[in-house]
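Chemist: Below: one structure in structure tokens.
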Amino acid sequence: MRRLLLLAAVVGLSSCSSTATQDQARLEEYYARSLRYYDAGDLARAEQQARMGLAIEPDDGRLNHLLGRTLLRWHDLRSVGRSRGFLEKAHEELDTYKTAYSLAEFHLRYAQFLIGETEVLTERAAELDPEEVVAGDFDSRIQNQRLKSAEHLVEAHGLLERTLAEATDDVFALRLMANVQTHQGQDRAALATLDRLVQVLVDSRQFKNKRLARFELPVAEETVLRRDLMDDIDMEVEARGLSSTVLKRLRDFPAAAEQIDQVLKLKPELAHEYYNRGMCRYWSGNLVAAASDMEIFLRKTTREQESPEVAQALEILNENASRSGRSPNSPAR
């Protein structure tokens, strides 16, 4: 009898072990499939596979992280809000700089939604009578949204400090930190972060260009390298654009124009950047250079003749023509 009991216990243990092994194998399959769908941009299937894996093991850190990142990529308020619990669980289970970064991205995204709502409420309040503003409790709602967004930005800032302590040159973390600092009004700190980001991207771009010039690469490898190079350029353009915006806010118009110079060296087809540089030059007192930029802007832009930018560009051209003693002429469009 005792022998039979021992045999039953051994069989039971073996069965439990087999089940656990099968569950782990299924978890790996769900994670692998979800990751493939995520990388391919098929977010619906990525979410589905991650949720099926979490039905087996709700505390799995990798699946929580992947599901949280998938929900972030939907870019709508509801999905971003739903990502929080999964990203917090992932950070609790894994506690890596990558999970810290993802949780910081949630806090920044949510803060940006709240800031957008605050701007909408402020615009609506400006259109109403004072009595309607009081009745709608607009002031309280606006203040509440501002406080909530500030709290989310503080959370994002702290998590990004953790990320950058371990991954100093992570371009995505640097970009996120610069955005957080900008929203927090930390303009000088944001400029320093953006300078650091640009330097990392410039170094990366130079390395990739040298590799493409010096080596005969397989077609597949060359394709990936060129794609990554374009990603570097796009991010550098974005970073320099944000730098110029911050510098304009600080009224350092020559420095803002220099950032746009570099943007146009990378992407001369960006018509609106000629307008932006023209305005920086105009505010710096360089009317001739501003007019030159506005001529290029007007030749390249697809904006309507009635748009504020086109009207401003024509005004600057007319002012320059008047000062130079020529008849004001609108450039051909």
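Chemist: Only residues in region 295-306 that are on the phi < 0 side of the Ramachandran plot count as the first member; pair them with residues that are among the acidic types (D, E), Cβ under 9 angstrom, at least 6 apart or cross-chain, and list the lot.
Modeler: Qualifying pairs under 9 Å: F297/E273; F297/E309; K300/E269; T301/E309; R303/E309.
Chemist: Moving on. What about L174, is it assigned by TED's automatic domain parsing to the domain that holds D231 and touching a helix residue (DSSP H, G or I) at 6+ places or on another chain (Cβ under 8 Å)?
Modeler: Here the answer is no, as L174 does not meet what is asked.
Chemist: OK, next. With respect to the numbered conditions (1) within 20 Å of the chain's Cα centre (by Cα); (2) of a type in the set (A, V, I, L, M); (3) more than 30 Å from R205 (Cβ to Cβ), which one is the sole condition not fulfilled by L108?
Modeler: Every condition holds for L108 apart from (3).
Chemist: Being at negative phi and in the same structural domain as R240 (by TED's automatic domain parsing) is true for just one of A289, A255. Which residue is that?
Modeler: On the way: A289 fails: in the same structural domain as R240 (by TED's automatic domain parsing).
The conditions single out A255.
Chemist: Hey, which of the helices (runs of 4 or more DSSP H) in region 31-125, taking only ones fully inside, have at least 1 residues that are closer than 20 Å to K148 by Cβ?
Modeler: Working: elements: 43-56, 61-72, 77-94.
Where helices (runs of 4 or more DSSP H) fall fully within region 31-125 and carry at least 1 residues being closer than 20 Å to K148 by Cβ, they are 61-72, 77-94.
Chemist: If you don't mind, there's one more thing I want to ask. Which one is surrounded by the most Cβ atoms within 10 Å (Cβ to Cβ) among residues in region 288-308 that are part of a loop (DSSP other than H, G, I, E, B) and not acidic (D, E)? Lay out the reasoning, then the answer.
Modeler: Step one: of region 288-308, the residues part of a loop (DSSP other than H, G, I, E, B) are 301-307.
Still in the list and also not acidic (D, E): 301-303, 305, 307.
Details: T301: 18, T302: 7, R303: 16, Q305: 10, S307: 12.
Among residues in region 288-308 that are part of a loop (DSSP other than H, G, I, E, B) and not acidic (D, E), the one surrounded by the most Cβ atoms within 10 Å (Cβ to Cβ) is T301.
Chemist: Now for a different question. Is one or more of the residues making up region 235-248 more than 18 Å from the chain's Cα centre (by Cα) and not aromatic (F, W, Y)?
Modeler: yes
Residues are listed down the side, and each one gets a yes or a no for (1) assigned by TED's automatic domain parsing to the domain that holds S204; (2) loosely packed, with under 13 Cβ neighbours inside 10 Å; (3) not β-branched (V, I, T):
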{"residue": "L128", "(1), (2), (3)": "no, no, yes"}
{"residue": "S140", "(1), (2), (3)": "no, yes, yes"}
{"residue": "L160", "(1), (2), (3)": "no, no, yes"}
{"residue": "A165", "(1), (2), (3)": "no, yes, yes"}
{"residue": "V180", "(1), (2), (3)": "no, no, no"}
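Chemist: May I pose another question? So is L176 within 28 Å of G116 (Cα to Cα) and either of a type in the set (A, V, I, L, M, F, W, C) or assigned to a helix (DSSP H, G or I) (or both) or not?
Modeler: When the stated conditions are applied, L176 passes them.
Chemist: Looking only at residues in region 314-333 that are under 15 Å from N286 (Cα atoms) and touching a Ser or Thr at 6+ places or on another chain (Cβ under 8 Å), which one is modelled with the lowest pLDDT?
Modeler: The extreme case among them is A321.
Chemist: Determine which single condition R78 fails, assuming it passes every other condition in (1) of a type in the set (K, R); (2) crowded, with 18+ Cβ neighbours inside 10 Å; (3) in the same structural domain as L35 (by TED's automatic domain parsing).
Modeler: Condition (2) is where R78 drops out.
The values are calculated or read from the model by the stated rules, or taken from the named source; none is laboratory data. Since the structure is predicted, the reported quantities are computational estimates derived from the model, not experimental observations. Ideal geometry is used to build each Cβ from the backbone, glycine not excepted, and the neighbour counts take in all protein chains shown.
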